[in-house]
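Here the structure comes first, spelled out in structure tokens, and everything after it is commentary.
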Amino acid sequence: MSTWQSLKRGMALTPGLAKGLSVAVILALIATLGRVAVPVVVQLVLDDGADDVSQAAGYAAAAAVAIVATLVAAYAMSVQLVKVAEGSLAKLRAMAFRRIHDLSMRHQQEQQRGSLVSRVTGDVDTVSQFLQNNGVFLLISVAQLVLATIAMAWYSPVLTLLVLAAFAPLIWILPRILRPLAASSLEVRKETGDMLGAVSEAVIGGPVVRSYGVTEQVGATIDKTVRKVQQSQIRTQRLGVFAFSAGELAAGVAMVAIVVAGVLLGVGGKLTLGEFTAFLFLVTLFVAPVQLATEVLNEAQNAAAGYRRVLEIMDMEPDVVDPGETGQDLPPGPVRAEFADVSFEYVSGRPVLTDVTVNVAAGSRVAIVGQTGSGKTTFAKLLTRLMDPSAGRITLSAVPLEQIRFNSLRKSVVMVPQDGFLFDATILENVRFGRLDASNEDIELAFEVLGLADWLSGLPAGLYTEVGERGESLSAGERQLVAIVRAYLADPALLVLDEATSAVDPATEQRLARALDTLTHGRTTVTIAHRLSTAEQADEVLVFEAGALVQRGHHLELVAEEGSIYANLHASWRASAHAV
Amino acid sequence: MGRAIADEPRIFSLAVAGSVLFSLVTVGTAYAFGAITEHVVQPALKRDEVDVAALVSAGLVVLAISILKIIGILGRRLAGGVMAFRQFARYRRRVANKLVRLPAQGRPTGDLLSVANSDVEAAWFIIMPLPFAVGTVAMVVVAIVALFVTDWALALFGLALFPLIFFMNMLYSSVLTPRTRTAQKLRGEVSAVAHESFDGALIVKALGRGEHESVRFETKVNQLRDAQVSVGRIRGLFNPAMDALPALATVAALFVGVVRLQSGAVTIADLVTVAYLLTAVAFPLRSFGWVLGELPRSIAGWERIRGVLDASEGPAPGTTPLANNGQPIRVDVKDLVLSYDGQQPVLRDVNVAIPAGKTIALVGATGSGKTTLVQSLINLLKPQRGEIQLDNVPLGDIEPASLSERVAWVGQSTFLFDDTVAQNITLYGSFSEDEIWRALELAHAAEFVQALPDGLNTRLGERGVSLSGGQRQRLALARALVRRPALLLLDDATSAVDPKVERAILKGLRSGVSETTVVLVAYRRASISLADEVAYLEEGRILAQGSHDELLATVPGYAAVVTAYETNMAEAPS
């Protein structure tokens, strides 16, 4: 997408921005009138008012009024611009944020998390900062350039042409400085990123760095990145200064032209003293825009790039869509799930699941086992419609999954992910995420029913204990406990559990087992099992391998099938469990 | 500031010289225009004929002035920039150097990163406009003197205008700074909400809470918008006001000038000079505002830098080399007391003897002090009391290089560098490819490394994101194993590895190529059972040490911890 195209797309998305900007442009023109007022009044006073005090007073008063009007208009313009810009950008942020959440897991998994965050933060910030810092200057500069030229032409077209000629080479020179300048500042940003990456590795990996005695080497690596940043900063600065000086040089040449040609014209009676002096003032109005252009254009490119990255998100069509009005609600009661020839492949075409056909009876407990990458998790994500299958059909209680309204679906079908992600808030708030209207009493009761009341009371502030970033003040097992209470409050008819793999301390293990038992009671439960006991106690075990469902049946039946995948899994399982 | 000037005296002088030159030329320009008006333009217009020599010299004067001005700008800006960028680099290097050598200081990574990045810039950015501000002082002094020489009445305008602009600037900074700070803070909060929300995308989706999250995000976004608008308002008022002030002064001076002209006190040329001067001097005066506005940020940044640089590094590293005799290391821990906060001890009088070549498992509930003990064994933590000896040499006396050569540690959370697999394993050490593969095989990582697109030369993403937890742990293990350590510390280092694989790895270690003393922290019973001996910890004390069977029979707490796995905690391959 070109800069222009992204601008057009952006304007279409945020209509307020375009309208507000046009008002700002008009105000900008008025705002620069005051700048031209000084040269004009200099001319008038020198030519007509020098001998007449009252006339001079009139001119001065008129100019003062123009200057004050300018002040007011400039203020109005700035406020208007900022209000419109910030308002639209806030909307854009919110839209992009929502869109990211609406994208399916399939899309989300393909993006780096940090890059998603920057779409709604840093990328939008570049646009906002450009408008705040440079946008106002840009508008005023352009308007100033136009008005100064008009005023000059009014006094003397010939001299105006000379001035323009003095600045003309800049049209050729500036792009030749600006292009490497833009590249160079991009370099600075990239190298700053590398530097921060290197420093952050040294900090996060501190224990490894020290215990392996590679402090010097890691320090040298950081040094190298620091030096690179310094070098490209200096290079960028140098280019910027050259561009700046080029403007100053052009102004110098223009002034020489004014002095020489002005006198020659004046002798011919074509220029008065006042007009001559006004020209000297007007030329200074040319310099600032040229010098600002170097910074502004640079920032403009950043802003356009930031804008483009946000728009990319808006251009991604959500592939898992809420049927909304036209959809159906799930019938009440336990849910039955059916997969008919379901396949899934990633956008890259890599197949993950092929031709899976299976029924999960209402109210049954099903365990899914298989190696990493066998398709277990994909199965769970399809079942909960976090992604849609590439082929085949999934129904819940005979209703096609894609026709179930999200409202009904998310209420009845809940997945408890493996990592037990928690928000940086209290336990209370995290649990309430499962049911927003749950009262404190409901929540306390949930802990009690799940046998976790003693654990909760052992925490420093009970329900009001802060769990820290990603829940990291709690142990992995404790995070799971909170996730279970959260799911219990949501009270789904179909529960999809992804058991944690990492070992947690024994006391928590026991609590987890008990709480899970209560949670799954009376619900259709599909568990991605990492524990032998889960599989043993399930009504049915589904065994996946390489994206296919290879075995199904009760644990005892499957174990009896000698040499089968499950029998082998089970044997190694037992070996590790009872090794002592 | 003084420090920066002391660090780069020559460059600073150059920048100031450039700035003073620029300032003088700016004032000079006004007088040159006055002179040209009086001696060249007015006579020419009056007599209606051109004095070619005068005209040419006028042109040359103007040209010379602008060349001098450009030289001034180049000097000031280039030197100022170089100075600031060198300061950035100098302090980044110092901060990074410190961070590499010093434990995390109990501060979040993001915080330390911002010291190396934005705080360094905040502290030294002020260097850039500083020479400009110094030069401007010269300009104001010269301009006021020059104005008085021209005409006292007109000079009053300069006398009134310059301080007024100066104070407006100070006012501007003091009004704007808290607002920009609020906006900056909110920007951080918006980012935090987005980060967290996308981090928890799965749970948000699984519970259908997209709307709820949107509302949460929008609330913050709207707060940010309001803060930005408030910043914009202040800027929108002050910037035009700062433009209007000199313009109004110029217009007023013109009027007064005409009055003075009538009384013959000034000439037309003087009028041109004064008008030009008032306009030209106003802009550089704003550089004061930049310097003053930056000052609080600069000081805050500098204080945060000092906070990192001044942190104590503890006792000097030891100098006794640990003999490299190819034999496993014997470990003796005597009366070890360690506390993080200086009050609540995490280790209380720990005594353990680990015979050379044995494998010992540390077992205990969460918070019993296992990790603390392991980390003290490699000097990552310094005990308050007691002593650790490796082969009878006190740990504090051992030369760090020889320690890391012979002792390898693999922690609970794996850290991989954003680099190739090979570099992550060798970590700047020189090992042959064969040695690397042997270590990978021992860590049961060879198979998946072979399957990577570029094998050993595959670049891992930031913090190894492209690998599963178990794979990352196995690479970290290979990193330790390739060194053939005489003492290997495994702190729950295989927790995310498939239990079957974990067992195979540990078995492999025992029959491994070199004789090694192993200290391992583990939860899984299968792993514990591979140890020669078990040390059972409870609340920072070693309660019992002996074989697994002994402890099982005699220590009820141990039995409770270990048998908890047996009933329904057996794990399946994932």
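Bear in mind that the values in this text are calculations on the coordinates, not laboratory data. Treat the numbers as computed from the prediction; the structure is a model and nothing was measured. Note that we place each Cβ from the backbone using ideal geometry, even for glycine, and neighbour counts take in every protein chain shown.
B:Lys185: which lysines have alpha carbons under 18 Å from its alpha carbon, excluding same-chain residues fewer than 8 sequence positions away?
Straight-line reach from B:Lys185, under 18 Å: B:Lys220.
Around A:Val541, which amide H atoms from residues at least 5 apart in sequence, or from another chain, sit under 5 Å from its own amide H, with H modelled in the peptide plane?
A:Ala367, A:Gly553, A:His554, A:His555
About the Cα centre of the stretch B:331-571, what is the dipole size in debye to 20, counting +1 per Lys and Arg Cβ and -1 per Asp and Glu Cβ, all else neutral? Present the calculation step by step, with values, prior to reporting the outcome.
Numbers: 22 positive and 31 negative charges, 42 e Å.
It works out to roughly 200 debye.
Taking the Cα centre of each part, how many Å lie between the stretch B:374-390 and the stretch A:171-207?
Cα centroid of the stretch B:374-390 versus Cα centroid of the stretch A:171-207: 42 Å apart.
Would you work out the charge dipole size for chain A about its Cα centre, treating the Cβ of every Lys and Arg as +1 and the Cβ of every Asp and Glu as -1, and quote it to the nearest 20 debye? Let's see the in-between values first.
Details: 46 positive and 58 negative charges, 313 e Å.
That gives chain A a dipole magnitude of about 1500 debye.
Lysine pairs in the stretch B:331-571 with alpha-carbon atoms under 29 Å apart, 8 or more places apart or on different chains: how many are there?
Within the stretch B:331-571, the lysine pair count is 10.
Give the relative contact order (percent, whole number) for chain A; include only Cα pairs under 8 Å separated by 6+ residues. Before the final figure, lay out each step's value.
On the way: 820 pairs, mean separation 83.6, N = 580.
Normalised by residue count, the contact order of chain A is 14 percent.
Write down Rg/Rh for the stretch B:331-571, rounded to two decimals, with Rg from the C-alpha atoms and Rh from the Kirkwood relation over Cα pairs.
Values: Rg = 17.9 Å, Rh = 18.5 Å.
Checking Rg against Rh, the ratio lands at 0.97.
Out of residues 5 or more away from A:Gly392 or on other chains, whose amide H comes under 5 Å of its own, with H placed 1.01 Å from N in the peptide plane?
Amide H to amide H, under 5 Å and 5 or more residues apart or across chains, A:Gly392 pairs with A:Ser343.
Evaluate peptide B:115-123: per residue, the Cβ atoms of other protein chains within 10 Å of its Cβ; return the mean as an integer.
Values: counts 1, 9, 7, 0, 0, 1, 1, 0, 0.
Average per residue, whole number: 2.
For A:His521 and A:Asn440, FRET efficiency with R0 = 25 Å and r from the beta-carbon atoms, rounded to 0.05?
Between A:Asn440 and A:His521 the formula returns 0.55.
Can you tell me the Rg and the Dmax, both Å, for the Cα atoms in the protein assembly as shown?
37.3, 123
Could you derive backbone 3J(HN,Hα) for the stretch B:160-176 from the dihedral phi with the Karplus parameters 6.51, -1.76 and 1.60 (θ = phi - 60°), listing whole Hz in sequence and x where the residue is Gly or Pro?
7, 5, 4, x, 4, 4, 4, 6, 4, 4, 5, 4, 3, 4, 6, 7, 6
Can you give the longest run of chain B that contains no GluC sites (Glu not before Pro) sitting in a DSSP loop with at most 10 other Cβ atoms inside 10 Å? Show your work: numbers first, answer last.
Values: sites that count: B:Glu49, B:Glu313.
It runs B:50-312.
P(r) for the stretch B:367-467: what percent of alpha-carbon pairs falls in each 10 Å bin, starting at zero?
With a bin width of 10 Å, the distribution comes to 12, 36, 29, 19, 3, 0.
Suppose each label sits 7 Å from its Cα in the direction of the beta carbon; what would the B:Arg94-A:Ala571 distance come out to in nanometres?
The modelled label-to-label distance comes out at 6.7 nm.
For a quick check: with amide H placed at 1.01 Å from N, whose amide H comes under 5 Å from A:Leu353's, ignoring anything fewer than 5 positions away on the same chain?
The answer is A:Phe344.
What are the principal axis extents of the Cα atoms in chain A, in Å, biggest first?
Rounded to whole Å, the extents work out to 116, 61, 50 Å.
Scale the Cα Rg of the stretch B:2-309 by the rule-of-thumb value 2.2 N^0.38 Å and send over the ratio, two decimals. Kindly include the intermediate steps, with their values, before the conclusion.
Working: Rg = 26.4 Å, N = 308, 2.2 N^0.38 = 19.4 Å.
Normalised by 2.2 N^0.38 Å, the Cα Rg of the stretch B:2-309 equals 1.36.
Which order do B:Trp302, B:Trp409, B:Trp124 fall in if you start with the one that has the fewest other Cβ atoms within 10 Å? Mind showing how you got there, number by number?
On the way: B:Trp302 19, B:Trp409 26, B:Trp124 29.
Lowest to highest Cβ neighbour count: B:Trp302, B:Trp409, B:Trp124.
If you average the sequence gap of Cα pairs under 8 Å that are 6 or more apart and divide by the length of the stretch B:331-571, what percent do you get for the contact order?
Working: 437 pairs, mean separation 65.8, N = 241.
Worked out over the stretch B:331-571, it gives 27 percent.
Which net charge results for the neighbourhood of B:Arg330, defined as the other residues with beta-carbon distances under 15 angstrom from its beta-carbon, given Lys and Arg at +1 and Asp and Glu at -1?
Values: positive: B:Lys334, B:Lys358, B:Arg406; negative: B:Asp332, B:Glu387, B:Asp391, B:Glu515, B:Asp532, B:Glu533.
Taking every other residue near B:Arg330 into account, the sum is -3.
Determine the sum of side-chain charges near A:Gly553: Lys and Arg each +1, Asp and Glu each -1, restricted to other residues whose C-beta is under 12 angstrom from that of A:Gly553. Each step should come with its number before you reach the end.
Values: positive: A:Arg552; negative: A:Asp539, A:Glu540, A:Glu557, A:Glu561.
Charge balance near A:Gly553 sits at -3.
Please give me the summed charge of the neighbours of B:Phe85: other residues whose Cβ is under 14 Å from its Cβ, Lys and Arg +1, Asp and Glu -1.
Numbers: positive: A:Arg227, A:Lys228, A:Arg235, A:Arg238, B:Arg77, B:Arg86, B:Arg90, B:Arg92, B:Arg93; negative: A:Glu187, A:Glu191, B:Asp7, B:Glu8, B:Glu121.
Residues near B:Phe85 contribute +4 overall.
Determine ³J(HN,Hα), in whole Hz, for all residues of the stretch A:387-393 in sequence, where each value follows from phi through the Karplus function 6.51 cos²θ - 1.76 cosθ + 1.60 and θ = phi - 60°; x replaces Gly and Pro.
With coefficients 6.51, -1.76 and 1.60, one gets 9, 9, x, 6, 8, x, 9 Hz.
Could you tell me the calculated FRET efficiency between B:Gln450 and A:Lys190, based on Cβ-Cβ distance and R0 = 45 angstrom, to the nearest 0.05?
Values: r = 33 Å, r/R0 = 0.72.
Efficiency, rounded to the nearest 0.05: 0.85.
Just want the ordering: B:Ser174, B:Ser430, A:Ser564, from fewest to most Cβ atoms lying within 10 Å of their own Cβ. All intermediate terms of the calculation are to be shown ahead of the outcome.
Values: B:Ser174 12, B:Ser430 6, A:Ser564 17.
Ascending Cβ contact count within 10 Å gives the list B:Ser430, B:Ser174, A:Ser564.
Return the distance in nm (one decimal) between the two label points of a simple spin-label model at A:Trp172 and B:Ala504, each offset 7 Å from Cα along Cα→Cβ.
7.2
Within the stretch B:469-501, find all residues whose amide N lies under 18 Å from a label point positioned 7 Å from the Cα of B:Ala323 along Cα-to-beta-carbon.
B:486-487
Each residue of the stretch A:464-481 in turn: what ³J(HN,Hα) in whole Hz from Karplus with 6.51, -1.76, 1.60 and θ = phi - 60°, glycine and Pro shown as x?
8, 5, 6, 8, x, 4, 6, x, 6, 6, 9, 6, 4, x, 5, 4, 4, 4
Averaged over its residues, how many other protein chain Cβ atoms are within 10 Å of peptide B:323-334's Cβ atoms? Spell out each step's value before the answer.
Values: counts 0, 0, 0, 0, 0, 0, 0, 0, 0, 0, 0, 0.
Averaged over the peptide's residues, the number is 0.
Pull up the cross-link candidates among the lysines for B:Lys46, meaning alpha carbon to alpha carbon under 29 Å and not fewer than 8 places away within one chain.
A:Lys270
Quick check: pseudo-label points 7 Å beyond the Cα along Cα→Cβ at A:Ala69 and A:Val158, how many nm apart are they?
Placing both labels 7 Å along Cα→Cβ, they lie 3.3 nm apart.
Please enumerate, by chain and number, the lysines with C-alpha under 28 Å from the C-alpha of A:Lys228, excluding those fewer than 8 residues away in the same chain.
Qualifying lysines at Cα under 28 Å: A:Lys190, B:Lys98.
Calculate, in nm to one decimal, what B:Ala300 and B:Ala265 gain on full extension: separation in residues at 0.36 nm each, minus their alpha carbon distance.
Using 0.36 nm per residue and subtracting the Cα-Cα distance, I get 7.4 nm.
Treat the count of other C-beta atoms within 10 Å as a stand-in for reagent exposure and order A:Met11, A:Met195 from fewest to most. Mind showing how you got there, number by number?
Details: A:Met11 15, A:Met195 25.
The fewest-first ordering by Cβ neighbours comes to A:Met11, A:Met195.
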